[in-house]
Amino acid sequence: MSSHRNKCSSNIAARIFDRQIRTPPPATTVHYARQFYENLVPSYTLYEVECPDHSFRKFTDDGQYLISFSRNFQDLIVYRPRWLSFSCKDEDCDKHDLPSKAKRFESFFTQLYSVPLASCNERICKDFFLYMEGNQFGLFATSTAQIHDAPAVGGAIQGVPSIEKITFILLRLEDGVILDDKVFCNDFVNLTHNMGVFLYDDLLAIVSLRYQIIHILQIRDSGNLVDVRAIGEFCREDDQLFLNSNAQGNAFSDKNKQHQLPGGHIEHNVHQGQPNPGNSFLSGIKQRLLSFIFQSIWNEERDDNLRIQTLRKKFYFHFQDYADLIIWKVQFLDRHHLLIKFGSVDGGVSRNADHHPAFVAVYNMDTTEIVSFYQNSADELYLLFEQFCDHFHATSRNSMHMNFISSHSNNVHALEQLRSIKDKASSSSQFVKKMLASLPFSCQSQSPSPYFDQSLFRFDDKLISATDRHRQSTDHPIKFILRRHPYSLKFKIKPGPEGGSMDGRAKNISSFIFHPILPLALSVQQTLFLHPSVVNIHFRR
């Protein structure tokens, strides 16, 4: 049986014949079909392709569109991928080089439209894009420049920068029509790699770091962005109404009570109906969190004296630390639960927050309760992360391609790799903290390309991986090797010029854009000095 499989893996004709006469085991049909990618690989490279000087973002998860932005980040340009076609007079075309016309960007992609998204003082956020596959809607963002030393007014958090205007734009990718937008003024949302926004089915969560509010919106089929709820200062829809009516009642009562002071003076309440800024409440989400921590510590002991001692050590001693926590990041676990990351103000705005202490909590939006709470170095949370990692990757029901991303809870090779890193780690607690730093996961941050399937191919994940990140360029090609016998090299991906970088002192960074279905990929190499990017196209000839 194994020799039959090996023969099939090296010959696509034999594999097709094998598919006709054999039925795969139940629930493995898709995985069995994906093994065809062992034979269909992007093994041919066109170096330094002539293409528009655009910033290429990514393919949509269904492979229908290639998203790019103009170099001034004012316009959106959308392309449709198409397969290369050219004529050849000889019988064996593979021996001949491609014609010059076939070596152009336009041979692989057709421009559908160009749409201006940003005004003169705004720029498109180049690292932000979310795709709603069922409706083929795209969510983009534009913003003005950051103000780093903005004063904390109107309930804003001190130390969090401000952006005068952030606009989220919902666009129909089929024809480029702008359907709706949502504007945030004098706020801060972390848009780098979609960190501050999460899309699940038709629900959208946007985290206001500056005002500590989780905005939940619904994307209707009509293309409207509808406010559902705001979680932060208030947790239920009628919390604000209740507090305002109570404040007005107290103000009315105080107005009818005049306090006689010594000397016959009359004191009136000059801030009628206004909350006292010196005696402000904790936010609703913070009260839920503190209540959960208190109850958890209370339930640890049965003896009342021990309870009081434990509360002093674990709760009251750290009370201010808990009260000072702010929301960093949020993701949906399902339509009812959010995974919320809390930490210090410094960690919330830092590019690298790994060394800052952090906590994660599961919040039920329906009951407005905290369900669980962990520090980001907790072994219990790490075990959940190791065994049930796919549950943290909350993918929309319509997105079938995203269900096959390799993780250590669905792929034995990824699990072996994780445990190897764990065994080599000098400190177990530091390893756990480093692994859990990725929670909550950023939305749509991984490529569903089958060439990143670790059950099919082996590659150096320090140089390339499914995660959407820029990486340091290397002059050596990145190798993709078969996981199964004969463990042969199937293809290479090399960014930059074919002969390597001419300037060895220049620091080059590369990004890799893989099509989710076709054996097609772009490698984009750029320097830190705004030189034109070097774009290579990798495809199966």
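The values are calculated or read from the model by the stated rules, or taken from the named source; none is laboratory data. What you see is a predicted model, and the numbers here were worked out from it, not measured in a lab. Quick reminder, even Gly has a Cβ in these numbers, built from the backbone with ideal geometry, and neighbours come from all protein chains shown. Quick note on the areas: whole protein, heavy atoms, side chains included, nothing else; ligands and nucleic acids left out. Shrake-Rupley method; radii C 1.70, N 1.55, O 1.52, S 1.80 Å.
A few notes on this one:
- Checked against the criterion of being surrounded by 14 or more Cβ atoms within 10 Å (Cβ to Cβ), closer than 16 Å to Phe140 by Cα and polar (S, T, N, Q), the candidates Asn186, Asn190 yield just one match: Asn190.
- Scanning segment 163-183 for residues that are surrounded by fewer than 21 Cβ atoms within 10 Å (Cβ to Cβ) and not in a loop (DSSP other than H, G, I, E, B) returns Ile163, Glu164, Lys165, Thr167, Arg172, Val177, Ile178, Leu179, Asp180, Asp181, Lys182, Val183.
- Whichever residue in segment 288-303 is of a type outside the set (Ser, Thr, Tyr) and open to solvent by less than 60 Å² (accessible area, probe 1.4 Å) and, among such residues, is nearest to Lys314 (Cα to Cα): Ile297
- Conditions (1) farther than 30 Å from Arg172 by Cβ; (2) at pLDDT 95 or above; number of the one not met by Ile16: (2)
- Tally of residues being polar (S, T, N, Q) and either in contact with a His (Cβ under 7 Å, 6 or more places away or on another chain) or farther than 24 Å from Leu415 by Cα (or both) across segment 451-499: 5
- Only one of the listed residues (Asp423, Asp390) is acidic (Asp, Glu), at pLDDT below 95 and farther than 24 Å from Leu199 by Cα. That residue is Asp423.
Condition check ((1) at pLDDT 90 or above; (2) in contact with a Leu (Cβ under 8 Å, 6 or more places away or on another chain)) across all residues:
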| residue | (1), (2) |
| --- | --- |
| Arg80 | yes, yes |
| Ala102 | no, yes |
| Thr110 | yes, no |
| Ala145 | yes, no |
| Gly155 | no, no |
| Glu174 | yes, no |
| Phe188 | yes, yes |
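- Among the residues of segment 416-469, the one identified as assigned to a helix (DSSP H, G or I), small (Gly, Ala, Ser) and either open to solvent by less than 60 Å² (accessible area, probe 1.4 Å) or touching a residue at least 60 places away in the same chain (Cβ under 8 Å) (or both) is Ser420.
- Residue match in segment 224-242 (condition: farther than 26 Å from Thr368 by Cβ, part of a loop (DSSP other than H, G, I, E, B), modelled with pLDDT under 90 and not aliphatic (A, V, I, L, M)): no
- Hey, Ser55 closer than 23 Å to Ser511 by Cα, open to solvent by 10 Å² or more (accessible area, probe 1.4 Å) and assigned to a strand (DSSP E or B) or not: yes
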